[in-house]
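Asker: Mind looking over this structure? Questions follow.
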Amino acid sequence: MSLNPPIAALETLEQRCLFAAVPIGEAASLTFAQPDANTWQTVTLSRTYTDPIVVASLGTTNDVEPAEVRVRNVTPTGFEIQIDEWDYLDGQHGEETVPYLVMLDGTYRLSDGRLAEGGRVRNVGGDYQTVAFDAPFEVPPVVFSQVTALAASGDRIRRAVPARVRTVTPT
């Protein structure tokens, strides 16, 4: 696994995400191959965060087999991540670049005036549910989502699960 330089579009996130002189998050990417369905990569954050939210996704499609990114064991200093192939596949996945975003829970005004909000939705099942933002946005915001935990027996969750978002509004 290799940690890449910050993602171009997010490389100034830490500079812009200051609220009361406290960083509210960080962004980077890493590149790794998934050797099997049970291996997890450990990511260490650049600083300590209280109850961080982590969102990650595949940034490349070098391997043609379908997969999602799974995150678990999020702590104030890091998290574990893996590339999770669909269940009918072998779990081994070629090298991919995986961008990730870490953010604190809450609503923040960035130095350029835009709002950023981090939060969690718990106990989501197979149906869509309405989620309201803490503060209204001027236009519908970009929403990043991540499945971070599922009820399962044992260490391996038995099916790959994508996070789905639809009908985003300013509120």
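The values are calculated or read from the model by the stated rules, or taken from the named source; none is laboratory data. Because the structure is predicted, anything quoted here is derived from the model rather than measured. Methodologically, a virtual Cβ is constructed for each residue, glycine included, from the backbone with ideal geometry; neighbour enumeration extends over all protein chains shown. To get the accessible areas, we keep the full protein, side chains included, count just its heavy atoms, and leave off ligands, DNA and RNA. Shrake-Rupley method; radii C 1.70, N 1.55, O 1.52, S 1.80 Å.
Asker: Just a yes or no: is a residue in the stretch 70-83 farther than 30 Å from VAL139 by Cβ and of a type in the set (Lys, Arg)?
Answerer: Looking through the stretch 70-83, at least one residue is farther than 30 Å from VAL139 by Cβ and of a type in the set (Lys, Arg).
Asker: Next up: Looking at (1) at pLDDT below 90; (2) surrounded by 16 or more Cβ atoms within 10 Å (Cβ to Cβ), can you tell me which one VAL69 breaks?
Answerer: (1)
Asker: Please list, ordered by residue number, the strands (runs of 3 or more DSSP E) wholly in the stretch 60-132 having 2 or more residues that are within 12 Å of the chain's Cα centre (by Cα).
Answerer: The strands (runs of 3 or more DSSP E) meeting that bar are 67-75, 78-85, 93-103.
Asker: Considering each of GLU138, GLU117 in turn, give the residue that is at pLDDT 80 or above, exposed (fewer than 12 other Cβ atoms within 10 Å of the Cβ) and not basic (Lys, Arg).
Answerer: GLU138
Asker: Another question, if that's okay. If only one of ASP112, ASP87, ASP105 is open to solvent by 60 Å² or more (accessible area, probe 1.4 Å) and under 14 Å from TYR49 (Cβ atoms), which one is it?
Answerer: The match here is ASP105.
Asker: Those residues that are buried (at least 20 other Cβ atoms within 10 Å of the Cβ) and under 24 Å from SER111 (Cα atoms), I need them from the stretch 30-54; list them, please.
Answerer: Those that are buried (at least 20 other Cβ atoms within 10 Å of the Cβ) and under 24 Å from SER111 (Cα atoms): TYR49, PRO52, ILE53, VAL54.
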